[in-house]
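Just so it is clear, none of the values below were taken in a lab; they were calculated from the coordinates. What you are looking at is a predicted structure, and each value in this text was computed from that prediction instead of being measured. Here the Cβ is made from the backbone with ideal geometry for all residues, glycine too, and neighbour counts use every protein chain on show.
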Amino acid sequence: MLLRRLGFAMPLVLPLVLLLGWRLGGAWNYLTVGYAFVAAPLVDALSGIDTGASGPPRGSARGWDLYFDALLYAWLPIQLAVLAFATSVVGGLGFSAQVGLTLSVGLVTGGVGIVVAHELGHRQGRVPRVVAGILLLSVGYLHFYIEHNQGHHSRVATDEDPATARAGESYWHFLPRTIVQSVASAWHIEARRLAQAGQPLISPRNRMLWAIVVPVTVAAGLWLTLGAAAGLLFAGQALVAANLLETVNYIEHYGLTRRRLPDGRYEKVGVQHSWNASQRFSNWLTFNLQRHSHHHVQVTRRYQELEHAPGAPQLPGGYSAMLIVAMVPPLWRRLMDPRLRAWQRANGGAA
């Protein structure tokens, strides 16, 4: 049990890997990429599945509650420090090393930062939501907070949900569709919120305007003060982070659908509408995001309280491995479509 709890500090290692790669120089700037997509899947394979409880029930061990929360809130200064450091040194690197550093920063800000923003964005209170907003602004993806919380969770596993991949849909078809539809949905949600509050669409209260203005201003400011390489690194890491997020979305609900009820509504969301994964190491790296089936059933559960869902469809590997597989459509379909069809047969023709 102690190992399970301490394991959630593993994301804090990722910036150290990035720093080590920069210190070694040259091709070592890709070290973070190797850690995420080579070392992590290997450790997953060796460490196996963990179906046990990650932490004690909320409030039963106050010290542990503080520990789990501290790991999340510590990430904001870490992410800002990584961005500040990388943009300050990237100009002195060669082109290949600049690309490696940009990819590495994107893995830090997307692979961990967006996960932390997702977790805090579901919590009540101003502080966690402000922290989530800053993290998402730093990767130019604030619309995710709006659409995910007010759109995705109510429409998941339906054709109305931009973040649910259709059966047989390749990742490269899913990516532009989900981005365009998610941004459009976020604008619609924000316009409706402002209208209900009696506010004009073009106003400082429109979060979608901030989602555009802040990242563009930061990128332009970095370009003007630190040079083109710094501005391009900021933009590039945001693209990498966004790609990671959307790849995870693709993995989490691929081909799973909710049944229509006689009254026209969809059935209630259950564990069967998300792919579950309980690979030990990659769950540590993603703050239990892979226990996604339980998350959709009980949205307010904190990450350490999420449980393995044996009644849910199970991914054959953790996210570290499945991210790569998803980007190779023939490999993805060969691996996942038989599992999807088997799951559909076992559940009366619908998943």
Seminar exercise, completed: Cα gyration tensor of the chain diagonalised, 5x eigenvalues square-rooted, in angstrom largest first, produces semi-axes 30, 25, 21
Problem set entry | Total formal charge among the other residues, if their Cβ is under 12 angstrom from that of PRO128, Lys/Arg +1 and Asp/Glu -1 | +2
Exercise. What FRET efficiency comes out for the pair ARG345/ASP159, r = Cβ-Cβ distance, R0 = 22 Å, nearest 0.05?
Worked result: 0.55
For this session: Determine how many Å³ per residue the convex hull of the Cα atoms of the stretch 233-351 encloses.
Result: 133
Exercise. Gain in length, ALA195 to TRP64, computed as 0.36 nm per residue apart minus the alpha-carbon separation, to one decimal in nm?
Worked result: 42.9 nm
For this session: Starting from 0 in steps of 10 Å, tell me what percent of the Cα-Cα pairs of the stretch 126-203 lands in each bin.
Result: 18, 42, 33, 8, 0
Exercise. What area, in nm² and to one decimal, does the C-alpha convex hull of the stretch 46-138 cast on average over all directions?
Worked result: 8.5
Seminar exercise, completed: Using alpha carbon centers only, the stretch 99-139 is separated from the stretch 192-213 by a whole-angstrom value of 22
For this session: Show that you can apply the helix-only estimate: for the chain, add -39,500 (n - 2.57) for every DSSP H stretch of four or more residues, divide by all residues, and state [θ] at 222 nm to the nearest 500.
Result: -18500 deg cm²/dmol
Exercise. Top mean-square fluctuation among LEU107, LEU335, LEU137, Gaussian network model of the chain, C-alpha springs under 10 Å?
Worked result: LEU335
Seminar exercise, completed: Percent of all Cα-Cα pairs per 10 Å bin for the stretch 12-89, counting from 0 up to the last occupied bin, reads 15, 31, 33, 18, 3
For this session: Add +1 for every Lys or Arg and -1 for every Asp or Glu among the other residues with Cβ under 12 Å from the Cβ of SER154, and state the total.
Result: +1
For this session: List the extent of the Cα atoms of the stretch 196-262 along each of their three principal axes, largest first, rounded to whole Å.
Result: 60, 38, 8
Seminar exercise, completed: From fewest to most C-beta neighbours within 10 Å, the residues MET208, MET322 line up as MET208, MET322
Seminar exercise, completed: Proxy exposure order for TYR73, TYR171, TYR319, TYR67 (fewest C-beta within 10 Å first) is TYR73, TYR67, TYR171, TYR319
Exercise. Amide H of GLN314: which non-local residues (sequence gap of 5 or more, or other chain) have their own amide H closer than 5 Å, using H built in the peptide plane?
Worked result: ASN276
Exercise. So how strong a dipole does the chain carry about its Cα centre when Lys and Arg Cβ are +1 and Asp and Glu Cβ are -1, to the nearest 20 debye?
Worked result: 540
Exercise. Hey, what do the phi angles of the stretch 146-160 turn into as Karplus ³J(HN,Hα) couplings, whole Hz, using 6.51/-1.76/1.60 and θ = phi - 60°, x for Gly and Pro?
Worked result: 6, 5, 5, 6, 9, x, 4, 5, 8, 10, 3, 6, 9, 5, 7
Seminar exercise, completed: Square roots of five times the C-alpha gyration tensor eigenvalues of the stretch 1-55, ordered largest first and given in whole Å, equal 27, 13, 6
For this session: Evaluate the distance, in nm, between pseudo-label points positioned 7 Å from the Cα of VAL216 and of LEU239 along their respective Cα→Cβ axes.
Result: 1.8
Exercise. Label points 7 Å out from Cα along the Cβ direction at LEU209 and LEU3: separation in nm?
Worked result: 5.4
Exercise. Which value, in debye to the nearest 20, gives the size of the charge dipole of the stretch 106-165 about its Cα centre, when Lys and Arg are +1 and Asp and Glu are -1 at the Cβ?
Worked result: 340
